[in-house]
Amino acid sequence: MAEFSGRIISAEYMNTDYSLIKVRYNDDGINAIYHLEVDPNNADFQALEADGWDAEKIIDATAESKRVQSNAWNLEVNAAAKMLVDEILASEKDMLASQKDMLASEKYMLANTKKDLADLSRSTRLSVQDMLAEVWTHILDKNTDKDMLFKFKLWTLEQDFVKEISKEQKSAIRKSTRVTQLFSIIDKLLED
């Protein structure tokens with residue numbers, strides 16, 4: 001009998017080749033962790049299965065854990081993005097306030113105020129384009145990053161329009177190896 005027998009809280013795969021399992025169990029009121037390799041001949045692995053933790057249940061628990069981690073990551077990213085946007089907006093606001101003061105003092109000296117405002121509008125559009133370029137560059141840089149790809153797959157599979165697709169289409173999503181490949185699959189689904 002394994003030290004965790006009858007007291008398992010959760011079990012999940014720790015790596016992408018499904019060869020290592022992390023078992024969380026209750027050890028006299030303390031959450032303890034036990035790691036074991038997937039080996040049908042191992043007594044601890046057999047005890048895990050005897051407690052009802054077969055491969056499918058472990059995969060489901062792993063997916064749920066990754067979904068929770070992904071949601072937490074999304075919250076962190078959204079909070080960081082909001083802070084960045086707030087900083088940019090504050091900086092832009094300060095810059096615009098400074099430019100407004102400058103334009104007010106030069107108002108009577110400038111013959112073509114309309115041209116100056118058009119230039120200001122164009123520069124603001126360029127800074128937004130620069131930010132978008134950074135986002136796309138980041139996505140391309142992380143195109144094969146396994147963690148980012150896994151989280152993007154989870155996000156994709158949670159979308160309403162994806163929940164209705166066939167098992168073959170969901171399998172194609174799961175088997176994708178690049179973020180850009182996943183975008184292509186999503187694009188095809190949106191066309192249908």
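Taking the criterion of being closer than 15 Å to Asp17 by Cα and touching a helix residue (DSSP H, G or I) at 6+ places or on another chain (Cβ under 8 Å), the residues of the stretch 30-58 that qualify are Leu36, Glu37, Val38, Asp39.
Could you grab me the full set of residues in the stretch 16-32 that are assigned to a loop (DSSP other than H, G, I, E, B) and surrounded by 11 or more Cβ atoms within 10 Å (Cβ to Cβ)? So that I can check it myself, show each step before the final result.
Here is the first cut: in the stretch 16-32, the ones assigned to a loop (DSSP other than H, G, I, E, B) are 16-19, 28-29.
Listed by number, the residues that qualify are Tyr18, Ser19.
Looking at Lys114, Lys93, which is the one that is part of a helix (DSSP H, G or I), of a type in the set (Lys, Arg) and at pLDDT 85 or above? The unique qualifying residue is Lys93.
Return the total of residues in the stretch 155-192 being closer than 15 Å to Lys66 by Cβ and exposed (fewer than 15 other Cβ atoms within 10 Å of the Cβ). Write out each step before concluding.
Narrowing the stretch 155-192 to residues closer than 15 Å to Lys66 by Cβ: 155-158, 173-174.
Add one more test, that the residue is exposed (fewer than 15 other Cβ atoms within 10 Å of the Cβ), and what stays is 158, 174.
Qualifying residue count, the stretch 155-192: 2.
In summary, Asp28 fulfils each of the numbered conditions (1) over 30 Å from Thr177 (Cα atoms); (2) in contact (Cβ under 8 Å) with a residue 24 or more places away in the chain; (3) not hydrophobic (A, V, I, L, M, F, W, C) with the single exception of condition (2).
Per-residue answers, yes or no, for (1) at pLDDT below 90; (2) among the aromatic types (Phe, Trp, Tyr); (3) assigned to a helix (DSSP H, G or I):
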{"position": "Asp119", "(1), (2), (3)": "yes, no, yes"}
{"position": "Arg122", "(1), (2), (3)": "yes, no, yes"}
{"position": "Arg125", "(1), (2), (3)": "yes, no, yes"}
{"position": "Asp130", "(1), (2), (3)": "yes, no, yes"}
{"position": "Lys153", "(1), (2), (3)": "no, no, yes"}
{"position": "Ile165", "(1), (2), (3)": "no, no, no"}
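The values are calculated or read from the model by the stated rules, or taken from the named source; none is laboratory data. Worth saying up front: this structure is predicted, and the values here are computed from it rather than measured. Neighbour counts are summed over all protein chains in view; Cβ atoms, including those assigned to glycine, are modelled from backbone coordinates with ideal geometry.
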